[in-house]
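Structure, as structure tokens:
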Amino acid sequence: MLSPAPTVSLGAGMSSRLPLSAAASEPERAEADSQAWLSALRLVGSEREEAVARLHELLLRATRFEVSRRREALSHVRGEELDDLALQAADDALVAVLAKLDDYRGASRFTTWAYKFGLLEAGVRLRRRAWQDREVVLEPDVWPLMADAGQSPQDQAETSELVVAITDSIDGCLTGHQREVLVALALNGVPLDVLADRLGTTRGALYKTLHDARRKLRADLAKRGFTLDSI
């Protein structure tokens, strides 16, 4: 469970308690707190340094929460390493928040908005760690696993026909790179950021590749009289 939010000095003698979620019953207070954060983080000197330190504390609380939430799935990872992952994620989140201050639109309290950066960065690092020693399968030879042994003979025949059509479409209409990305992300469940690391590319580039591959595959299957909504 997260500890209560601290009372933070934001400079110019101003102190404000910084909750982690927007206070709907106190919109003016929430907006004032958020503007105080923004002002302090845009200053120069000791006041900004103090605000940055407090922001890092908030983000570290977020990353530790996410690590704790996923700890069971990472039982093979030592506690010290998980603590280090939380700290690294908080550092990355701090850099991201400071770089995107102008993107804050006030839809939620500033601390709520910033907190999500910590959760995101922790999630990315934890997924990478979970896949660190795992092989990323990029070949489409696992398509036959789609068949369900509990299906009726007719359904099995239809599934087999679909598998053949999918395999032919993948081989015929997709580039090698599109095929690798589609199989890894859509079929084998490889996290996007993990695949980006393995292939030396970006999340955005993989999104585009996956989108293009899905569009081409659906179009090709439609010509063959099949639909595939699950990919």
When residues of the range 159-209 are limited to those that are more than 26 Å from Lys223 (Cβ to Cβ) and β-branched (Val, Ile, Thr), the one surrounded by the fewest Cβ atoms within 10 Å (Cβ to Cβ): Thr202
By my count, helices (runs of 4 or more DSSP H) wholly in the range 167-231 with at least 3 residues that are out of contact with any helix residue (DSSP H, G or I) (no Cβ under 8 Å at 6 or more places or on another chain), modelled with pLDDT under 85 and in the same structural domain as Ala122 (by TED's automatic domain parsing) are none
Would you call Leu82 modelled with pLDDT under 90 and either polar (S, T, N, Q) or in contact with a Leu (Cβ under 9 Å, 6 or more places away or on another chain) (or both)? yes
Residues of the range 34-49 classified as of a type outside the set (Lys, Arg), out of contact with any Gly (no Cβ under 7 Å at 6 or more places or on another chain) and either in a helix (DSSP H, G or I) or closer than 11 Å to Val97 by Cβ (or both), total: 8
Can you tell me which residues in the range 67-99 are within 17 Å of the chain's Cα centre (by Cα) and of a type in the set (Asp, Glu)? Asp91, Asp92
Residue match in the range 5-23 (condition: at pLDDT below 90, part of a loop (DSSP other than H, G, I, E, B), touching a strand residue (DSSP E or B) at 6+ places or on another chain (Cβ under 8 Å) and small (Gly, Ala, Ser)): yes
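The values are calculated or read from the model by the stated rules, or taken from the named source; none is laboratory data. Not measured: the values here are computed from a predicted model. Positions of Cβ are generated from backbone atoms using ideal geometry, with glycine treated the same way; all protein chains shown enter the neighbour counts.
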